[in-house]
Amino acid sequence: MSETPAISIKNLSFSYGSTPVLTAADLSIRPGEFNYIVGPNGGGKSTLLKLILGLIQPDYGKIEVFGRSPRSVRARIGYTPQQIQFDPKFPITVKEVVLMGRLTGRWGRGYTNLDIQIAELSIEEMEMSEFKEAPFSELSGGQRQRVLIARSLAVSPDLLLLDEPTANLDAETEDKLLKVINNLKGEMTILMVSHNPEYVYGSVESVICVNKQIAVHPTTGVTEATIIKSFGDNVRIINHDHSCSITDED
Amino acid sequence: MSDFLTTMFDPSISFLKYALIAGLLSSFAFGIVGTYVVSRRISYIAGAISHSVLGGIGIGLYLQVHYNSAWFNPMTGAFASAMVSALIIGYVTRHGNQREDTVIGAIWAIGMAVGLLFIARTPGYIDPMSYLFGNILMITQTDLWLIAGLDAVIVIIAILFYNTLQAISFDEEFAYLRGINVNFFFLLLLCLTAMTIVVLVRIVGIVMVIALLTLPAGTAGILTKKLSQMMIIAILLCMVYTTIGLSFSYINDFPTGPTIILISGIFYILAVAVSSWRKKGKQF
């Protein structure tokens, strides 16, 4: 008997009004895989995550998460959005943000001791224990991203979706955060949108290129030519002195 | 000051005692709901709801005088119009394809226009000023029970659904993914705001209710970065403002509502100034 895929997308199309975002897309991800999603701005990366989360519905095609509709398994999904969506002045502490991962739809349910314990473990895993009582508004960009990932981990997810967790971070902070995310490999299925596909090639199973359509490449097969093909012509390769190559959109 | 205290403790004079109790009791509603209004950034929605209340009050007065209506009086009219406005704004925000700010502005202005037209057509002299600016000294014992009842409802909901309301106010999308009915809780928040406004219009009036919903909570937001603490500080500040405002206005024969608002405003400006000064000190 074949294993139920973590994510199964068949012939999926989605458009915002008359603007097509994804067309006839197919994708299958096995449980436990760690995959990267790359592609140009407006190519449909974040839309793909929202479809997998069931926040928006496809025009055509089918999405299944662990063999069921996204909406019915949303409690098993941890999601870290781009931090730009938050009110930076909202009065909330790090621990309270992470505890949100333990919320359920049950009316009037408070947080249990187990919820608090899981939240604190998630904070610890993201190396943020010393800030757990700190206001979320007073953290740096990188620290906030760690907290939001800790919130997703507090869900105890089977599937973790990360939407550009390293966007707007300096190189050093980005590197540190990616190392922490890499440590989660094997514990759950991970799908991470990135503007920079260079960093974790060594540990991801495959790179999913999204630009209206979906193309999956094993990491060994991703070359500069593949990236240029996926991103289109507006990509240049920058060769650094320390002999790494970075794709960049014009 | 001694005049104020003598009147306050005179057993034969109740209006000042009632006013003080009303101020202290309403501080709970203002502190808790105001904190959500400020942190969820829905003060414009609260403003529209409070101004639309005049429409219900006008219709209530008209029916009461013309048709001797016992059940539809200014208070029930205010309640109905506040709830209808809250639900319309809530629906448009969620599902409508109209601009949210246009709808808020329309409800704000139409509510007031309806109220003033009905008041103009109501026989006898009715002073719209008492509804627009309130009069805490006219509070009756029945009003006190009403405010206490409202406080009880708000405190129970605030405690029972604290985590949920905090989550939908901070990150609605994530709350939805955790199985929370975000539309329902957003409407619940608007209905709580509407209820608070209706009862508290008696104290500071339609025009200034928004100030007591936002200024104490805004000041509390400068003093703390935690939602629950913000609520407690806002309640305490509101108690201080209404007590000082009441005594100051009584001693100097000023209108009470505007005095309370002015004191709240001064404290808020001071808090902003001190906070900005301290931040500047850290930068240089």
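Readers should treat all values here as calculations from the given coordinates under stated rules, not as data from a laboratory. The structure presented is a predicted model; accordingly, all values stated were derived computationally and were not measured. Cβ atoms come from the backbone with ideal geometry, glycine included; neighbour counts cover every protein chain shown.
For a quick check: with amide H placed at 1.01 Å from N, whose amide H comes under 5 Å from A:VAL193's, ignoring anything fewer than 5 positions away on the same chain?
A:ILE37, A:LEU162, A:ASP163, A:GLU164
Give me the one-decimal nm value for the distance between modelled label points at B:ALA152 and B:THR243, 7 Å along each residue's Cα-to-Cβ direction.
Label-label distance for B:ALA152 and B:THR243, simple model: 2.5 nm.
Quick one: which residues, 5+ away or cross-chain, put their amide H under 5 Å from the amide H of A:THR93? H built at 1.01 Å from N.
When sequence neighbours closer than 5 places are left aside, the close amide H contacts are A:PHE136, B:LEU227.
Sort A:VAL193, B:VAL155, B:VAL114 so that the residue with the fewest other Cβ atoms within 10 Å of its own Cβ comes first and the one with the most comes last.
On the way: A:VAL193 23, B:VAL155 15, B:VAL114 18.
Arranged by neighbour count, lowest to highest, A:VAL193, B:VAL155, B:VAL114 become B:VAL155, B:VAL114, A:VAL193.
Going through the stretch A:1-108, which GluC sites (Glu not before Pro) have at most 11 other Cβ atoms within 10 Å and a DSSP loop state?
Filter output for the stretch A:1-108: A:GLU3.
Subtracting the Cα-Cα distance from 0.36 nm times the residue separation, let me have the gained length for B:TYR162 to B:MET138 in nm, one decimal. Don't jump to the answer; show the numbers that get you there.
Working: separation 24, 0.36 × 24 = 8.64 nm, distance 3.39 nm.
Extra length from B:TYR162 to B:MET138 when fully extended: 5.2 nm.
Per residue of the protein assembly as shown, what 222 nm ellipticity follows from adding -39500 (n - 2.57) for every DSSP H run with n ≥ 4, rounded to the nearest 500?
On the way: 18 runs with 300 residues, N = 534.
Here the helix-only value at 222 nm equals -19000 deg cm²/dmol.
How far apart, in nanometres, would the label points at A:TRP107 and B:VAL272 be if each is projected 7 angstrom from Cα along the Cα-to-Cβ direction?
4.0 nm
Can you work out the Karplus-derived ³J(HN,Hα) for every residue in the stretch B:69-79? Use 6.51 cos²θ - 1.76 cosθ + 1.60 with θ = phi - 60°, whole Hz, and x for glycine or proline.
Result, ordered by residue: 5, 8, 7, 9, 10, x, 5, 5, x, 4, 4 Hz.
Work out the charge dipole of the protein assembly as shown with +1 on the Cβ of Lys and Arg and -1 on the Cβ of Asp and Glu about the Cα centre, then indicate which of B:ILE21, A:LEU148, B:ALA167 is farthest towards its positive end.
B:ILE21
Calculate the mean, over all residues of peptide B:172-185, of how many other protein chain Cβ atoms lie within 10 angstrom of the residue's Cβ. Walk me through the numbers on the way to the answer.
Working: counts 1, 6, 14, 3, 5, 17, 11, 7, 6, 2, 0, 0, 0, 0.
Average neighbour count from other chains, rounded to a whole number: 5.
Determine the dipole magnitude for chain B: charges of +1 sit on the beta-carbon of Lys and Arg, -1 on that of Asp and Glu, nothing else is charged, the reference point is the Cα centre, and the result goes in debye to the nearest 20. Please list the in-between numbers first.
On the way: 14 positive and 11 negative charges, 172 e Å.
Computed charge dipole of chain B: roughly 820 debye.
Relative contact order for chain B: what percent, with Cα pairs under 8 Å and sequence separation of 6 or more?
Answer for chain B is 30 percent.
Could you check the simple spin-label distance between B:SER2 and B:LEU87, using points 7 Å along Cα→Cβ, in nm with one decimal?
5.7 nm
Mind telling me which of B:VAL65, B:VAL207, B:VAL182 comes out most flexible in a GNM of chain B, alpha-carbon contacts under 10 Å?
Checking each option, the largest mean-square fluctuation is seen for B:VAL65.
Please report the spacing between the Cα centers of the stretch A:104-153 and the stretch A:1-61 in Å, no decimals.
28 Å
To the nearest 0.05, how large is the calculated FRET efficiency for A:GLU205 and A:LYS10 if R₀ is 22 Å and r is the Cβ-Cβ distance? Present the calculation step by step, with values, prior to reporting the outcome.
Working: r = 20 Å, r/R0 = 0.92.
Efficiency, from the Cβ-Cβ distance: 0.65.
Size of the dipole of the protein assembly as shown about the Cα centre, Lys and Arg at +1 and Asp and Glu at -1 on the beta carbon, nothing else charged, in debye to 20?
Result for the protein assembly as shown is approximately 1000 debye, rounded to the nearest 20.
Search the structure for amide H atoms under 5 Å from the amide H of A:ILE7, placed 1.01 Å from N in the peptide plane, and list their residues when 5 or more places away or on another chain.
Correct list: A:ILE29, A:PHE66.
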